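S.K.: For reference, the structure I am asking about is given below.
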Amino acid sequence: MPDTLLVLTNLPDAASAERIARLLVEQRLAACVNILAPCTSVYRWNAAIETAAEVPLLIKTTRARYAELEAALAEAHPYELPEIIAVPLEAGLPGYLAWVAAETTPPQA
C-alpha cells in the first residue's frame with residue numbers, strides 16, 4: 001500500500017483544473033483526479049499576504065509514476081511555483097488500490 005500516493009495541488013480556475021486532470025489521466029500518470037469545489041487560500045508570496053480563490057485537485061497515482069506526474073504537472077501548471085505535494089496512503093480498499101496501480105501502468109509498446 002505504500003506504493004499508492006495522493007497528490008495535492010491547487011489551480012486558479014475550473015477550466016485549468018479540468019484540463020490538467022484530463023492530461024494526467026490520459027497520460028496514465030493518474031488513475032483518477034477529483035476536482036473539488038473552489039476554496040479560499042491565504043498565503044505569503046513575495047513578502048505580502050495574498051488571498052486567492054483556487055480549485056483543489058486530489059490526484060491518485062503510484063510512487064512509480066510520481067516523478068513523471070510531477071514533471072507533467074509542473075509543466076502544465078499556470079503558477080510560477082505550484083503546490084505539488086504527495087502523501088503516501090497507509091491503508092485503502094485493496095481492490096481500489098489495485099485499480100490505481102493498473103490504471104497508471106503504461107501500455108506495453
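The values are calculated or read from the model by the stated rules, or taken from the named source; none is laboratory data. Note that the coordinates shown come from a computational prediction; the quantities given were computed from them, not determined experimentally. Cβ sites come from the backbone with ideal geometry, for glycine too, and all protein chains shown count toward neighbours. When the accessible area is computed, the model is the full protein with side chains, heavy atoms only, and any ligands, DNA or RNA have been set aside. Shrake-Rupley method; radii C 1.70, N 1.55, O 1.52, S 1.80 Å.
S.K.: Here are the criteria: (1) part of a helix (DSSP H, G or I); (2) within 12 Å of the chain's Cα centre (by Cα); (3) more than 21 Å from Trp99 (Cβ to Cβ). Tell me which single one Leu24 does not satisfy.
M.R.: (3)
S.K.: Of Glu83, Glu18, Glu90, which residue is part of a loop (DSSP other than H, G, I, E, B), more than 13 Å from Val7 (Cβ to Cβ) and open to solvent by 20 Å² or more (accessible area, probe 1.4 Å)?
M.R.: Glu90
S.K.: Suppose the filter is surrounded by fewer than 12 Cβ atoms within 10 Å (Cβ to Cβ), at pLDDT 95 or above and either over 20 Å from Ala86 (Cα atoms) or under 15 Å from the mean Cα position of the chain (by Cα) (or both); does Ala30 pass it?
M.R.: no
S.K.: Quickly run through segment 31-82 and pick out the residues that are without any contact (Cβ under 8 Å) to a residue 60 or more places away in the chain and hydroxyl-bearing (Ser, Thr, Tyr).
M.R.: Once the filter is applied, which keeps residues that are without any contact (Cβ under 8 Å) to a residue 60 or more places away in the chain and hydroxyl-bearing (Ser, Thr, Tyr), segment 31-82 yields Thr40, Ser41, Tyr43, Thr51, Thr61, Thr62.
S.K.: Which one of these does Arg28 not meet: (1) without any contact (Cβ under 8 Å) to a residue 60 or more places away in the chain; (2) more than 17 Å from Pro78 (Cβ to Cβ); (3) among the basic types (Lys, Arg)?
M.R.: For Arg28, the failing item is (1).
S.K.: Going by what's in this entry, would Val25 be described as under 23 Å from Pro107 (Cα atoms) and either surrounded by 15 or more Cβ atoms within 10 Å (Cβ to Cβ) or among the aromatic types (Phe, Trp, Tyr) (or both)?
M.R.: So Val25 fits the description; yes.
S.K.: Looking at segment 93-105 only, could you name the residues that are part of a loop (DSSP other than H, G, I, E, B), in contact (Cβ under 8 Å) with a residue 12 or more places away in the chain and open to solvent by 60 Å² or more (accessible area, probe 1.4 Å)?
M.R.: Hit for segment 93-105 is Thr105, nothing else.
S.K.: Next question. Scan Val55, Val33 and give me the residue that is more than 23 Å from Gly92 (Cβ to Cβ) and touching a helix residue (DSSP H, G or I) at 6+ places or on another chain (Cβ under 6 Å).
M.R.: Val55
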